[in-house]
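The numbers here are math on the coordinates, done by the rules we state, and not lab data. Values in this document were obtained by computation on a predicted structure and should not be read as measured data. Here Cβ is always computed from backbone atoms with ideal geometry, including for glycine, and neighbour counts include all displayed protein chains.
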Amino acid sequence: MTMTAPQPQTKYRKDYQPPQFLIDSIDLDFQLDDTQTRVSAVSRVRRNGEHQQPLVLDGQGLELAEVLLNGQSFTEYQLKPDQLELSSLPDEFELTITTIIDPLNNSALEGLYKSGEAFCTQCEAEGFRRITYFLDRPDILSRYRVRITADKTLYPALLSNGNRIDSGELADGKHWVQWEDPFPKPSYLFALVAGDFDLLEDSFSTRSGRKVALEIYVDKGNRDRAFHAMESLKKSMRWDEERFDLEYDLDIYMIVAVDFFNMGAMENKGLNVFNSKFVLANAKTATDNDYHGIERVIAHEYFHNWTGNRVTCRDWFQLSLKEGLTVFRDQEFSSDVGSRAYNRILNVRLMRSRQFAEDASPMAHPIRPDAVIEMSNFYTVTVYEKGSEVIRMMHTLLGEENFQAGMRLYFERFDGQAVTCDDFVQAMQDASGIDLGQFSRWYSQSGTPVLTVRDSYDEASGVYRLHIAQHTPATQDQSDKQPLHIPFNLELYNSRGEPQPFRINGQSVSHILNVTETEQEFEFEGLSEQPIPSLLREFSAPVKLDYPYSNQQLALLMRHATDLFSRWDAAQMLVAKQLKSNLERYRQEQALELPDEVISAFASVLEDESLDPMLKAEILRLSDESSMAELFDEVDVDGIHRVRCFIKQRLAEVLLPRFTQLMGTLNRDEAYQINHQAIGERSLKAVCLSYIACADKELGQELVERLYKGADNMTDTMMALSVANGEQLECRNVLMADFEKAWSHDPLVMDQWFALQALSPAPEVIDSITSLFEHPVFSLKNPNRVRALIGVFSASNPLHFHRIDGAGYKLLAQVIRELNTLNPQVAARLITPLIQFKRYDSQRAALMRSELEKLQQLESLAKDLYEKVSKALS
Ligand code: B3K
Ligand code: ZN
């Protein structure tokens, strides 16, 4: 008889119960050792309310060494799978639990593990239970004291949350440090780090005059790569004071960069642990995009100190309470300190490519999920990015002043507590007096609404009518959808491209319409000609728009829209239109076409000298094939590839002289600088170069080689390589080999090279990737390497990932099988493109499905994968 593993259990939001016990404080003692770390936890526990229930603690993969009750040996407990159940307990007591754990063999990178030579922790969401038995849920807020003992030479730095209060030496070459965090916190914010680092120190004076020590710990030899992170941290601290009136609350803020990390970073109180990718940068090793990413992630984790740490989540279903809000805050930070339009474009691109795809997938869920098997699976673009869009809509409806009043009320009410998304919305509503009742459906409804807009103009009365219908298609998790409250930002232009003042019922009105019903009509008066509407400006709601724009109308918006975001958006729509019509032609085996007015719309962007180079680059750059795929319910992999190539080729050929001329004017100030203008010019240079190489391989090759050889910074180097790779220039292999030789000592830099390998359009890409598994720098144990090579291939090289013989699917499934035991969290992230099989033709869908079925048969399928695979196959 075969034993089947118990089916993983689903947890439901509606089943929330307050905890049976509270833990006011915990003293942790760590005796660090590679495979036998001893953890003693002394908790002050009290019964919550009148009951005689046992105390059920969470624990996973722990060896239990000892249990004491009020200092005396205690045996009234039962060890169950992943739980320790204690009974016959008094109402208040001191509980001592000693466990032994094995950090060295912890390849899941949750709990306490080794990253290279250092010890570090990752506890969110449910990693603390891999350290000791505990009530590992975010509504248990406790005071932490932590004592760490370890070898002094190997681990000179011993770090934990809060303030360092004592330290000492021991006879056997060991030393210890004692930490105390004055703020009660949930277990997911606990952190410990031990290692031998280089340290970059600085300080920050808060607005009220307190001095905060800032410390960034990096691997030996990397100190000169931590300055940008430090500047970003100080900028974030200042910005949060100025824009949100929020000041830092401890005397020290530490960041540690580690090489093995499942995500970007973690906001542990006073001791952030970061993926080194989001800390380390200098001009030689990091691109402009890396710099931008570091600034954003440093800010994001810092902002969590208030939105997440001071006020946290009652349960994990409320994750968007802290993540949506903190993403909104980091987006606003990036927009205030950089270009608002550029940042909006990045956010919207992510929404339209990945979040819309998630809503259309078996993993569709509301920003506040109702049912979860493995919490790690819900750190999603929906919870984060759509969550942020929901906060942004509230900001749009309330305005900055009311929104900030709402934030103040939220902190007044809930500082030091674990609360819900409803609590947040209530604070916003109470502070503003604006009814958010219908609006709050955004928290419970999944799916992407489609707004169908039609219009008419009556010349005699000068009245323009806009008919707006909203419809949210059913998603796998939810069939019934209700109308949402959608802020709809619009502008009307006349045929000369001038914005038109408009009135509704004799009143001049704001540009934000409140769309609340399934169908609604708006009448605008006082228009002397049929206007051209600029709809859903700023992407004022996370919806899809259906309006029958003509090429001419879009060309006009591209040229004249008063906000730069709308110009970019018009270009997106113009290209989407050409994509759709040409796909039709492709299917009917007709010749592909690109109308002159489309080419001239692009030409006038190229020639517009008043346009910010960074924006110009974004408008001219065609979105990639996987983003284009999101315009369709059923994805035609080959058709999209073919048509995109055609559009690019046509634009490139006709506009070649203009691209070449423009390229010659960019970055003429030779020395590398990091400022808006210089970064924008580099970005535009990359776009020009890519079009040039597409139209004229010889000229492209010459420019690419010159750029590569003369580059004094990684942005230029990667630009050259990426064009050589993307356009399959003859110099591609030589340059790639040269880069490999130059950077093989630096895995973070090599990730860029692995990613290029993964993006290669060459037919042999799958074989190359397979042989790169043996590359000395590659390791399946390191999530950054895996994401760079396999993640990029399967998410961003659709032409080859979806190869018709299924070789791409096989490759991904093989990696997932290995990661199922090594690191299930990373495995479950990688599987995303496979579970979308229903959107592909029957041949591909069958091949993908069969890989999923094989995974489902795995004997010890981790629950992370179980959740996604079973949803996909159901
Ligand atoms: N809060 C962490 C995410 C932790 C994910 C754990 N699986 C990073 C962040 O959003 O800031
Ligand atoms: Zn976050």
Cα-based convex hull, segment 521-573, per residue volume (Å³, whole number) = 108
For LYS648, which lysines qualify as cross-link partners when the Cα separation must be under 24 Å and same-chain residues fewer than eight apart are set aside?
-> LYS577, LYS580, LYS616, LYS685, LYS697
Rg over Rh [alpha-carbon atoms, Kirkwood Rh] for segment 639-720 | 1.00
Take the Cα coordinates of segment 677-725, assign each an equal point scatterer, and use the Debye formula without solvent to give log10 I(q)/I(0) at q = 0.18 Å⁻¹.
-> -0.47
Stokes-Einstein D in µm²/s, Kirkwood radius over Cα pairs - segment 116-270 at 37 °C with 0.692 mPa s viscosity = 197
re segment 709-838: pairs of Cα atoms spaced beyond 19 Å account for a percent value of 48
Restricting to lysines and to Cα separations under 16 Å from LYS322, and discarding same-chain partners fewer than 8 apart, the set is LYS185, LYS269, LYS386
Using only C-alpha atoms and all pairs of different ones, pull out the Kirkwood radius for segment 206-298 in Å with one decimal.
-> 13.7
What do you get when you divide the Cα radius of gyration of segment 564-645 by 2.2 N^0.38 Å, with N the number of residues?
-> 1.16
Taking the Cα atoms of segment 48-100, what is the range of coordinates along each of the three principal axes, in descending order and whole Å?
-> 32, 23, 15
Quick one: compute a quarter of the convex hull surface over the Cα atoms of segment 507-645 and quote it in nm².
-> 10.7
Can you work out D for segment 399-539 in µm² s⁻¹ from Stokes-Einstein, where Rh is the Kirkwood radius over C-alpha pairs, the temperature is 25 °C and the viscosity is 0.890 mPa s?
-> 140
Listed residues VAL637, LEU158, SER550: farthest to the positive end of the dipole of the chain (Cβ charges) | VAL637
Calculate how large, on average over all directions, the projected area of the Cα convex hull of segment 78-119 is; give the answer in nm² to one decimal.
-> 4.5
Write down, largest first, the equivalent ellipsoid semi-axes of segment 788-874 in whole Å, where each equals the square root of 5 times an eigenvalue of the alpha-carbon gyration tensor.
-> 19, 15, 10
Going by alpha carbons, how many degrees (0 to 90, nearest 10) lie between the helix axis of 551-560 and the longest principal axis of the chain?
-> 70
What is the order of ASP738, ASP633, fewest Cβ neighbours within 10 Å to most?
-> ASP633, ASP738
Can you give the Rg to Rh ratio of the chain, both from alpha-carbon atoms, with Rh computed by the Kirkwood formula?
-> 0.97
Note on segment 1-127: contact order normalised by length, alpha-carbon pairs under 8 Å, 6 or more apart, percent, works out to 23
Using Cα pairs closer than 8 Å and at least 6 residues apart in sequence, work out the relative contact order for the chain, in percent.
-> 8
Enumerate by residue number the GluC sites (Glu not before Pro) in segment 518-563 meeting two conditions: DSSP loop (anything except H, G, I, E, B), and at most 11 other Cβ atoms within 10 Å of the site's Cβ.
-> none
Semi-axes of the equivalent ellipsoid for segment 743-788, Cα gyration tensor, largest first, Å | 17, 11, 9
Largest-first principal axis extents, alpha carbons of segment 1-141, Å | 48, 41, 34
Using alpha carbon positions and the Kirkwood radius, the Rg to Rh ratio of segment 171-258 is 1.01
In this structure, the FRET efficiency calculated for ASP15 and ASP480 from their beta-carbon separation, with R0 = 30 Å, to the nearest 0.05, is 0.90
How long are the three semi-axes of the equivalent ellipsoid for segment 240-282, computed from the Cα gyration tensor as the root of 5 times each eigenvalue, in whole Å, largest first?
-> 23, 12, 10
